[in-house]
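As structure tokens, the structure follows; a few thoughts come after it.
Laboratory data are not the source of any read-out in this text; all were calculated from the coordinates shown. In this text, all values refer to a predicted model and were calculated from it rather than measured experimentally. Neighbour counts run over all protein chains shown; Cβ positions are idealised from the backbone, glycine included.
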Amino acid sequence: MGEVKLKNILIIGMGGTIAGVAPNPDLDPLQYAAGQVGIADLLKNSLPIQLSEQVHLETLQLANINSADLTESLLSELGQAVCQALQNPQYDGIVITHGTDTIEETGIFLHLICSQLAKNLSKAVVLTGAMLPSNAPLADGPQNLSKAVELAAFLGVSFEPSLQLDGGIYGAFAGKVIFAKNYLKRSSNQINAPVMDSPDLSFTTNSSLSLSSEFALNFPQRGESWPWVEVLTSHTGARPELLRFLINQGVDGIVLAGTGQGNIHENLITSILEAKEQKIPIIRASRTLLGDIRPEVPVSDQFLGTTAARNLSPAKARVALQLFLYSQRSKKDLDLRQLFDTI
């Protein structure tokens, strides 16, 4: 028998809880410091023997931070690293360990910049993390990391014959396989918080998988500035001064986290129309986070000059708008409404 060819997987470490350490894990595992353990150490004893014998792992420690401190420049570095690794024939797949606080932003970022490339190359990029630090008695990091490596190496073919996925940008967390664009942290401490409301691809038909669109938007390279986009909330007694201040300061775009179906307080209408006059794009999202924010419902996007966020949370909508504005510099035919309708 010939030697079995190992699957080469690149593991990119970004830090987060999965790399965290609690000083008293038995007493209080939620009192910890994130981003303390290197990715190489995390991998020790994380994989089942069967899986470890079929993969060769290489590591890249891109950052080791609390993901609450994620920066746009780090996203640029991650985007460059992932795109380069996808195009490198040496690698069969990529896994990224990341903090859960901003995993939804990184998930939508990677989906919008390289999901088309991943599909064309039939490779999986898998984003994962943990809700408990690495030294907690019931740490969930090893299980999540193992599942992510398995998915990146085999796209489910060898270990789960029913899960036939194309190349793309995925998440593996708390036993679920999801599109990374669907990450959304809906609880501060539940073990499945980032995926509790996300559709599990393990129980999805292939016809449903085809509904996901792929993208190849441009993104700022290292050293380049990102478009300035802020998130504002519509709430009881909302005042227009902050929105007017941002307009006067030259903000490139605004995401409004409205109430319910993206409703906007009447006190903000005049200032929104001022932004429209200055051609500042405004995305109308919802602070409820889940649900379809539909065009023209319950307010007139055409009148306000706003764009409905559809299924994107305010944080995701912000990243999408930033990438749209940056890509628009070279792709003049991009349409904002079409982008949000198809993500």
Original post:
Applying 1/(1 + (r/R0)^6) with R0 = 30 Å to the Cβ-Cβ distance of Lys276 and Ser213, what FRET efficiency is obtained, to the nearest 0.05?
Top reply: 0.65
**OP:** Report, for the chain, the % of DSSP beta bridges that are antiparallel, rounded to 5.
**Re:** 15
Subject >> Rounded tilt (10° steps) of 72-87 against the dominant C-alpha axis of the chain >> reply: 50
Subject >> Inverse of mean 1/r across different Cα pairs in the chain, Kirkwood, Å >> reply: 20.8
Subject >> Under the Debye formula (equal points on every Cα, no solvent term), log10 I(q)/I(0) of the stretch 229-342 at q = 0.13 Å⁻¹ >> reply: -0.42
Original post:
Going by average Cβ neighbours within 10 Å, how do the peptides 119-125, 335-341 rank, with the highest at the top?
Top reply: 119-125, 335-341
Subject >> Ranked Asp333, Asp200, Asp252, criterion: other C-beta atoms within 10 Å, fewest first >> reply: Asp333, Asp200, Asp252
Subject >> the stretch 321-337 - phi-based ³J(HN,Hα) in whole Hz, Karplus 6.51/-1.76/1.60, Gly and Pro as x >> reply: 5, 4, 5, 4, 5, 5, 5, 4, 4, 10, 10, 5, 8, 5, 10, 5, 4
Original post:
To the nearest 500 deg cm²/dmol, what mean residue ellipticity at 222 nm is calculated for the chain from DSSP H runs of n ≥ 4 alone, each contributing -39,500 (n - 2.57), summed and divided by the residues?
Top reply: -9000 deg cm²/dmol
Original post:
Long-range amide H contacts for Tyr170: which residues qualify at under 5 Å (H placed 1.01 Å from N, peptide plane, sequence gap of 5 or more or a different chain)?
Top reply: Val125, Val126, Leu127, Ala180
**OP:** Show which lysines lie in cross-link reach of Lys332 when reach means a straight Cα distance below 20 angstrom and same-chain residues fewer than eight apart are skipped.
**Re:** Lys276, Lys279
**OP:** Rank Thr97, Thr236, Thr17 by mean-square fluctuation in a GNM of the chain with C-alpha springs under 10 angstrom and give only the top-ranked residue.
**Re:** Thr236
**OP:** Output the relative contact order of the stretch 229-342, whole-number percent, from Cα pairs under 8 angstrom with separation of 6+ residues.
**Re:** 25
**OP:** Pull up the cross-link candidates among the lysines for Lys119, meaning alpha carbon to alpha carbon under 21 Å and not fewer than 8 places away within one chain.
**Re:** Lys7, Lys147, Lys176, Lys181
**OP:** Search the structure for amide H atoms under 5 Å from the amide H of Asn8, placed 1.01 Å from N in the peptide plane, and list their residues when 5 or more places away or on another chain.
**Re:** His56, Asp92
**OP:** Determine the relative contact order of the chain: mean sequence separation of Cα pairs under 8 Å and six or more apart, normalised by residue count, in whole percent.
**Re:** 14
Original post:
When averaged across all projection directions, what area in nm² does the alpha-carbon convex hull of the stretch 7-209 cover?
Top reply: 10.2
**OP:** For Thr288, list long-range residues whose amide hydrogen, built 1.01 Å from N in the peptide plane, is under 5 Å from its own amide hydrogen.
**Re:** Gly260
**OP:** Using only Cα atoms, find the angle between the long axis of helix 141-154 and the longest principal axis of the chain, and express it within 0 to 90 degrees, rounded to the nearest 10.
**Re:** 90
Original post:
Between Leu290 and Asn24, what length in nm is gained on full extension when 0.36 nm per residue of separation is reduced by their alpha carbon distance?
Top reply: 92.2 nm
Original post:
From the phi of every residue in the stretch 247-252, what ³J(HN,Hα) in whole Hz does the Karplus formula 6.51 cos²θ - 1.76 cosθ + 1.60 yield, where θ is phi - 60° and glycine or proline is x?
Top reply: 4, 5, 8, x, 4, 7
Original post:
If the convex hull of the alpha-carbon atoms of the stretch 99-156 is projected onto planes in all directions, what is the mean projected area in square nanometres?
Top reply: 4.3
Subject >> Beta bridges per DSSP with both ends in the stretch 1-105, % antiparallel, nearest 5 >> reply: 5
**OP:** Considering only DSSP beta bridges where both residues belong to the stretch 229-342, give the percentage that are antiparallel (nearest 5).
**Re:** 15
